[in-house]
Amino acid sequence: MYKTHGYAAQNAQSPLAPFQFERRNLREHDVHIDVMFCGVCHSDLHQARNEWSNSVYPVVPGHEIVGRVTEVGSGVTRHKVGDLVGVGCLVDSCRTCASCQEGLEQYCENGFVGTYNGVDRVTGETTYGGYSTNLVVDEAFVLRVPDNLDPAGVAPLLCAGITTYSPLRTWGAGPGKKVGVIGLGGLGHMGVKLARAMGAHVVLFTTSASKIEDAKRLGAHEVVISKHADEMQAHQNSFDLLINTVSAQHDLNPFIALLKRDGTMTLVGAPEHDHPSPQVFSLIMKRRRLAGSLIGGIAETQEMLDFCGQHGITSDIEMISMQNINEAYGRMMKSDVKYRFVIDINSLRQ
Ligand code: NAP
Ligand code: ZN
Ligand code: ZN
């Protein structure tokens, strides 16, 4: 077993605090990783506070992990000691169902194993995430990190990056397509960078007027304050695709009205409370589609990392120490994230 220092929420109300636990001994295909950086996803906050009503305490969040391999099991072939690697939201799945066979482990029909708040398929124990010094993961769920990118800026790609990359690819973002990204937080800023790199015309929708210049710097061709009806009106019936990253319940109708015939709005934001149902006729009359999308499979996550390596894309980060996590959550609640907090895990080793 490996002694591990982490931070955990003990219940839905408690702030995160130091928590010691042990990682399992290496199984044949396991890799032991010393964690260097872990991104702070809004899903961490949702789950630390049981906003999705499925948290098993203690919760050790963290699924945007970059670290170095320090040991490998006897059967490991894909990674070796010293490799810079990443772990995202998945650490296992059944590997036999139709979705797993297609490389869509996130839709595993027998339930994927989350990096935290998941159930280990062998022991039935709750999994603990990357707000911790070290990790033991099956090699099949460990990603290669391109060596030309800043490792701290890579960490958020493991969730925010893939969660926006996957729907952009699924719905064909590229040259000649008008793509909107709604919300400029961790996911949104990656959505802007990736859609721009794919060659789409990118429009960013925000509720925060203070983020307009940043959005343009990040790659948006246009920025719309979504609370301003006249600005919204100017884009009616014009989008091929909208990626909605908003973390809170809101009215979908003003955004659906922006889709052209056959356009799609994909929800990736996962709020505590469902959005009110949108107007049915607004969908019917233009064959518009409302969709959802969950992170991405392992193969697509590697494809995304390689794409980011080729295009020099990383997340814009604000580095924090583990001890400042509760303050970071407070700022996240106020949409004051520019544009991803990343924990320097060395702060846990002092
Ligand atoms: P984040 O950094 O907190 O960004 C969320 C953004 O949404 C905010 O910056 C803000 O952007 C906007 N927003 C927040 N509250 C709002 C409100 N009441 N009305 C309108 N806009 C609001 O969060 P994140 O880490 O990007 O995550 C976003 C959501 O995606 C979370 O719910 C998370 O759990 C979910 N998620 C889903 C998946 C998936 O696989 N589907 C994966 C990861 C995360 P502006 O200031 O620009 O308005
Ligand atoms: Zn996440
Ligand atoms: Zn499966």
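The values are calculated or read from the model by the stated rules, or taken from the named source; none is laboratory data. Quantities reported herein were computed from a predicted structural model and do not represent experimental measurements. With ideal geometry, Cβ positions are generated from the backbone for all residues, glycine too; neighbour counts draw on all protein chains shown. The protein model used for the area step is the full one, side chains on, heavy atoms only, and it has no ligands, DNA or RNA in it. Shrake-Rupley method; radii C 1.70, N 1.55, O 1.52, S 1.80 Å.
Worth pointing out:
- Taking Lys and Arg as +1 and Asp and Glu as -1, the other residues whose beta-carbon sits under 14 Å from that of Gly39 total -4.
- For Lys338, the lysines whose Cα comes closer than 22 Å to its Cα, not counting residues fewer than 8 places off in the same chain, are Lys193, Lys211, Lys216, Lys227.
- Antiparallel DSSP beta bridges within the chain, as percent of all bridges there, nearest 5: 55 percent
- Accessible surface computed residue by residue for region 160-292, with neighbouring protein chains in place and a 1.4 Å probe, gives 42 Å² per residue.
- For region 1-75, accessible area per residue (1.4 Å probe, heavy atoms of protein chains only), Å²: 42 Å²
- Karplus-derived HN-Hα couplings along region 69-76 (A = 6.51, B = -1.76, C = 1.60, θ = phi - 60°), whole Hz, x at Gly and Pro: 5, 10, 7, 9, x, 5, x, 6
- Proximal charge balance of Val72 [Cβ under 15 Å; K/R count +1, D/E count -1]: 0
- Counting only protein chain heavy atoms and rolling a 1.4 Å probe, the accessible areas of Arg287, Arg331 rank, largest first, as Arg287, Arg331.
- Cα centroid separation, region 1-64 to region 137-194 (Å): 22 Å
- Rounded to the nearest 10 degrees, the angle from helix 186-197 to the longest Cα principal axis of the chain is 70 degrees.
- Under 5 Å, built H, 5+ apart or other chain: amide partners of Ile320: Val342, Ile343, Asp344
- Comparing Thr115, Thr301, Thr266 in a Gaussian network model of the chain, where Cα atoms under 10 Å apart are tied by springs, the biggest mean-square fluctuation is seen for Thr266.
- Candidates Val202, Val81, Val40, ranked by Gaussian network fluctuation over the chain, Cα under 10 Å, top entry: Val81
- Per residue convex hull volume, Cα atoms of region 9-149, in Å³: 118 Å³
- Accessible surface of region 30-103, 1.4 Å probe, proportion on carbon and sulfur as whole %: 47 percent
- Relative contact order of region 160-292, pairs being alpha-carbon contacts under 8 Å that are 6 or more residues apart, as %: 21 percent
- Contact order for the chain, expressed relative to its length and based on alpha carbon pairs under 8 Å spaced 6+ residues apart, stands at 18 percent.
- Candidates Gly263, Tyr107, Thr164 compared by Cα position along the dipole of the chain: farthest toward the positive end lies Gly263, with charges placed on Cβ.
- The charge dipole of region 11-91, taken about its Cα centre with unit charges on the Cβ atoms of Lys, Arg (+1), Asp and Glu (-1) only, comes to about 80 debye.
- On region 160-292, 51 percent of the accessible area sits on carbon and sulfur atoms, based on a 1.4 Å probe.
- Charge context of Arg287, other residues only, Cβ under 14 angstrom, K/R +1, D/E -1: +3
- Electrostatic dipole magnitude of the chain [Cβ: Lys, Arg +1; Asp, Glu -1; Cα centre; debye, to 20]: 780 debye
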